[in-house]
Structures are given as C-alpha cells and as structure tokens.
Amino acid sequence: MAAAIEVSTLRKTYGPLTAVDGISFKVGQGEIFGMVGPNGAGKTTTIECLEGMRPPDAGTIRVLGLDPRGDGYALRERIGVQLQQSALPDDMKVWEALDLFASYYRKPAAWEPLLERLEISDKRTARFAKLSGGQKQRLFIALALVNAPELVFLDELTTGLDPHARRAMWDLVRGIRDLGKTVFLTTHYMEEAEQLCDRVLVIDHGRIVALDSPSNLIQGLRADIRILFTAERGYDPRPLRALPGVSGVETNGERVTVTGRGDRLICVVINALDTQGVSFKDLRTEQPDLEDVFLALTRESGFKGGER
C-alpha cells in the first residue's frame, strides 16, 4: 500500500517539555487511520506538524510526498482539515461559508453536491448560529472537503454530539473513505476508533506505545471476558470459581459477575447454572474492547515513563 503520510523520528519540544519524542509511522493511502492518547500525550502537536501548522524540531515528515513546511502551499491544495475547535461568524450563512472557502483554492469542488451528501442542503440559507451541533459539524466537514482533498484530517470530530449524531458522523467518515480518500482521525472515544479505523496508533508521553488494527490490539491484550447476570435470591455463586476458564466471581447483591477466558466460557457457565437448577435473568457478556487496551497501555506507559 502506498503511503499517504510518512513520519520518521519526529520530535517537538516546548522548553523543558518534550511533547513528541521521536515517533515514526506511516499511513497508507485509502485507510482510516486513528490516533488516540490521553490529554497532553502529543496528539495535537503531531497533527499540527503533519498539517504544516507547527515546525518540528527534528525528524522528517512527508504528506502526499510533500514537506508540510517547505511545500505548504501545494499541500494545502490537496488536504482538508477539520479542526478540534472551529467557529464561523454567527450571521454567516451556510452557502456563504462554502463559497468563501471554495475561493481559497485553485480547483475547488462543486460544493452544492456536498450539501446533499452531508444532508444539510435544507440549511443552505441558514445562519451559522441557527445550526445544531451536528449540523455545524457537517458544515465543517463540507468545508474540509470543498477542495476535493486526497487526505482529510478530522480532529475530535464528534466531541459534544449526542449518540445519534455521533453514529451519523461515523457513516459520513466511512463515506469519505469510500470516495477513495485517506482519513487521519483523532478521537477520545475508543468505541469510535474501534468502529472506524483500519489501524490505531496509541500515543502517550510523546511516544508510540502501540500501532495495529483494533482487532489485533484487542486480541493482544488477552483480557478476561465478563459474564453478568442476576441470580435468584440466596444463590451462592462460589462453586462457579471451580469451572474451567473462570478466573474470578464477584457479587453485588443479586448481581453476579464471572470473569475468565476461553471460547466456551459462556456455555460452561450457563450449563453449570442449568445443572444446578439456578434461575437467572438479564444475562449479558462484556468482551474486551479498545478502551480496555487503551487503559492498559497508557497505564503501563505512564508507570514506566513518568510525568513530563
């Protein structure tokens, strides 16, 4: 896969603080690539260096084969950027914003179809202040796409949106990738990264602590499965600890949580309850997810690296 972004030993400091500490990675063309990390991990500095907004102290960066600093003008014609915090004048209308941004580029895309694709065509003449949070985010995506970019940076795209609007945004991101574009996504929502990204880079204290597909990261964690159910009053769950694959049993009133590993763990627990004649309800399972990976990796990284 050809690389849309190539980063080698990128380093950036602010006085005594090392924000980015010699990281290297590549982003393939046509993939949705995610970067996640705690606050202060170095995400914003990294993405600003990639966009040409901030010069690195050391290392090399190539975005679509260009140097973001030396080839900034040429690069801006080929990338789209949705910033973490964006705003427009309250009285500016949707069509005015798109018309203005389109005028910045030599070969802008026709922005009218963007309104249709992003489902805000009915807001064409609406003023910015009258848009909902989700509609504003859709407008900012439209502004990031108005130059028909090859690579789109989306920084904390769904912060502050309700669950319905967030999932609608996920569909939009997949649609951008389906157009053949590369997406570089930063997010604090691990479910978002797990659902959207082909690969995820976990950064902490300015260093990369993991880089792989969400499924490989989750499998590599080797975390326990959790089985939760409500048992009949007076039930003693302690015998479940002797079942193969079970590593722990906890109770909270009538609610029982069984943890363990193994492909047949759920069957083993249910069969044991059935054999014992135990009545239970509200059974559900919790598989390890990317949030478990994130917490484990950043906890380990923070312990080893300390504060900077």
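The values are calculated or read from the model by the stated rules, or taken from the named source; none is laboratory data. For clarity, every value in this text was computed on a predicted model and none was experimentally measured. A quick note on method: Cβ atoms are made from the backbone with ideal geometry, for glycine too, and the neighbour counts reach across all protein chains shown.
Only one residue in Pro56, Pro68, Pro113 is over 17 Å from Leu151 (Cα atoms) and in contact (Cβ under 8 Å) with a residue 12 or more places away in the chain, so which one is that?
Unique residue meeting the criteria: Pro56.
Residue by residue through the range 236-260, note down the ones that are assigned to a loop (DSSP other than H, G, I, E, B) and crowded, with 16+ Cβ neighbours inside 10 Å.
Once the filter is applied, which keeps residues that are assigned to a loop (DSSP other than H, G, I, E, B) and crowded, with 16+ Cβ neighbours inside 10 Å, the range 236-260 yields Pro237, Leu243, Gly245.
When the range 129-168 is examined, which residues are found to be in contact with a strand residue (DSSP E or B) (Cβ under 9 Å, 6 or more places away or on another chain), farther than 19 Å from His188 by Cβ and surrounded by fewer than 20 Cβ atoms within 10 Å (Cβ to Cβ)?
Ala148, Glu150
For every residue, the table says whether it meets (1) over 18 Å from the mean Cα position of the chain (by Cα); (2) among the hydroxyl-bearing types (Ser, Thr, Tyr); (3) at negative phi; (4) crowded, with 16+ Cβ neighbours inside 10 Å.
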| residue | (1), (2), (3), (4) |
| --- | --- |
| Leu17 | yes, no, yes, no |
| Val20 | yes, no, yes, yes |
| Gly30 | no, no, no, yes |
| Pro38 | no, no, yes, yes |
| Thr46 | no, yes, yes, yes |
| Gly52 | yes, no, no, yes |
| Gly59 | yes, no, no, yes |
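Please find, among Val209, Val269, the residue that is farther than 30 Å from Gly40 by Cα and either at pLDDT 95 or above or surrounded by 12 or more Cβ atoms within 10 Å (Cβ to Cβ) (or both).
Val269
Restricting to the range 121-147, give me the number of residues that are assigned to a loop (DSSP other than H, G, I, E, B), polar (S, T, N, Q) and free of Cβ contacts under 8 Å to residues at least 60 places away in the same chain.
2
Could you list, in sequence order, all residues of the range 201-216 that are touching a residue at least 24 places away in the same chain (Cβ under 8 Å) and either outside the structural domain of Thr186 (by TED's automatic domain parsing) or in a strand (DSSP E or B) (or both)?
The answer is Leu201, Val202, Ile203, Asp204, Arg207, Ile208, Val209, Ala210, Leu211.
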